[in-house]
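As structure tokens, the structure follows; a few thoughts come after it.
The values are calculated or read from the model by the stated rules, or taken from the named source; none is laboratory data. Remember, it's a predicted structure, so these values are computed and weren't measured experimentally. Neighbour counts run over all protein chains shown; Cβ positions are idealised from the backbone, glycine included.
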Amino acid sequence: RAKAEGRGCYALFEPAMNRKILERRTIENDLRRALGNQEFVLHYQPQVRLQDDQLIGAEALLRWNHPERGLIMPADFIPLAEETGLIVPIGEWVLREACRTAASWPPNVKIAVNISPAQFALRHGLMALVPKILEETGLMPFRLEFEITEALLLRDLDRAFAALHELRALGIRISLDDFGTGYSSLSYLRAFPFDRIKIDRSFIAGLGARDDSNAIVKSVVDLGRNLNIPTIGEGIETIDQYKLLRAFGCQAGQGNFISHPQPAESVFGEFTLRKDERRVA
Ligand code: C2E
Ligand code: MG
Ligand code: MG
Ligand code: MG
């Protein structure tokens, strides 16, 4: 009924609704200030080669250290940052900060950065930004990996692929994040030569516990092998999930069992501490 009355109907002015709008506006204003106030921080989650437990990289994960609300996770502000376009300057900060940090790591350790679809819009000049940041930070292009999701490909497929090819030509890598959660991921695998497939953690969560999860994960690993695309499992929480992924022939893993995301100062501490636990595996 409220719908039939159109915009401006009474439903909009119900107190609960009103509070939501106000809260949203507050967060939006806070977001605008956050960059200038240096309230954003990156945590890094190690990625391991499963075959020999070697550290091969880390994913940069954004957190917002809000002066009143404390540490806010991406799910609670990235959607709003995307809607408002603020993800563009925030994403630029993320990229620069992640590259700067990774430049001080051993040269065989790569850095993965999540990129939102909005950052790909032509007018935002991602193609100009990437070489500039690589030069500024001295990071070799092959050490930088962009994680994109199907959301980018759903918009304008031709333009998205053109942009990805341009990035690829700079020498950086492109991985397909959250694989298996979208609509028609298989056709994308044929249309673009991704450097890596990240198997969504919802499938990893069921490993060892659900036959369907086992079958799906094993099939994706096999698919990757047949297409010559390495796979990585995200969200590994248990020793059993770690062992199963390795047994399936999955190349790499990431998750709290290996290490939680860590601030730059202590990035590989937990990873190293837990080495023995993984050796038993
Ligand atoms: P994602 O790229 O799929 O990142 C993996 C998420 O899984 C991270 O959540 C990570 O903390 C979480 N995770 C890792 N291991 C485990 C585990 O063992 N168990 C469980 N339950 N979770 C695990 P986080 O940090 O909350 O980030 C959520 C999403 O926000 C990311 O998903 C990504 O889509 C987005 N995001 C994070 N940082 C950025 C960024 O800098 N830019 C953009 N555009 N998006 C970002
Ligand atoms: Mg990711
Ligand atoms: Mg993911
Ligand atoms: Mg995810």
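Just a few scattered comments:
- Among the residues listed as 199, 172, the single one being more than 13 Å from ligand 4 (Cβ to nearest atom) and either among the hydroxyl-bearing types (Ser, Thr, Tyr) or crowded, with 19+ Cβ neighbours inside 10 Å (or both): 172
- Boolean, residue 81 is surrounded by 12 or more Cβ atoms within 10 Å (Cβ to Cβ) and more than 20 Å from residue 271 (Cα to Cα): yes
Matching residues to (1) within 16 Å of ligand 3 (Cβ to nearest atom); (2) assigned to a loop (DSSP other than H, G, I, E, B); (3) buried (at least 22 other Cβ atoms within 10 Å of the Cβ); (4) without any contact (Cβ under 8 Å) to a residue 12 or more places away in the chain:
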{"residue": "232", "(1), (2), (3), (4)": "yes, no, yes, no"}
{"residue": "237", "(1), (2), (3), (4)": "yes, yes, no, no"}
{"residue": "245", "(1), (2), (3), (4)": "yes, no, yes, no"}
{"residue": "250", "(1), (2), (3), (4)": "yes, yes, yes, no"}
{"residue": "258", "(1), (2), (3), (4)": "yes, yes, yes, no"}
{"residue": "265", "(1), (2), (3), (4)": "no, no, no, yes"}
{"residue": "277", "(1), (2), (3), (4)": "no, no, no, no"}
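- Sub-7 Å Cβ pairs linking a first residue in the range 187-202 that is without any contact (Cβ under 8 Å) to a residue 12 or more places away in the chain and farther than 27 Å from residue 241 by Cα to a second residue that is within 16 Å of ligand 1 (Cβ to nearest atom) and hydrophobic (A, V, I, L, M, F, W, C), at least 6 apart or interchain, number zero.
Conditions tested, residue by residue: (1) within 22 Å of residue 233 (Cβ to Cβ); (2) in a loop (DSSP other than H, G, I, E, B).
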| position | (1), (2) |
| --- | --- |
| 135 | no, no |
| 139 | no, yes |
| 145 | yes, no |
| 153 | yes, no |
| 168 | no, no |
| 174 | yes, no |
| 183 | yes, yes |
| 187 | no, no |
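- Filtering the range 234-252 to residues that are closer than 23 Å to residue 111 by Cβ and more than 10 Å from ligand 1 (Cβ to nearest atom) leaves 242, 245, 250, 251, 252.
- Residue 135 passes every criterion in (1) modelled with pLDDT of 95 or more; (2) within 15 Å of the chain's Cα centre (by Cα) apart from (2).
- Any hit, the range 155-168, residues being of a type in the set (A, V, I, L, M, F, W, C), within 27 Å of residue 217 (Cα to Cα) and under 15 Å from the mean Cα position of the chain (by Cα): no
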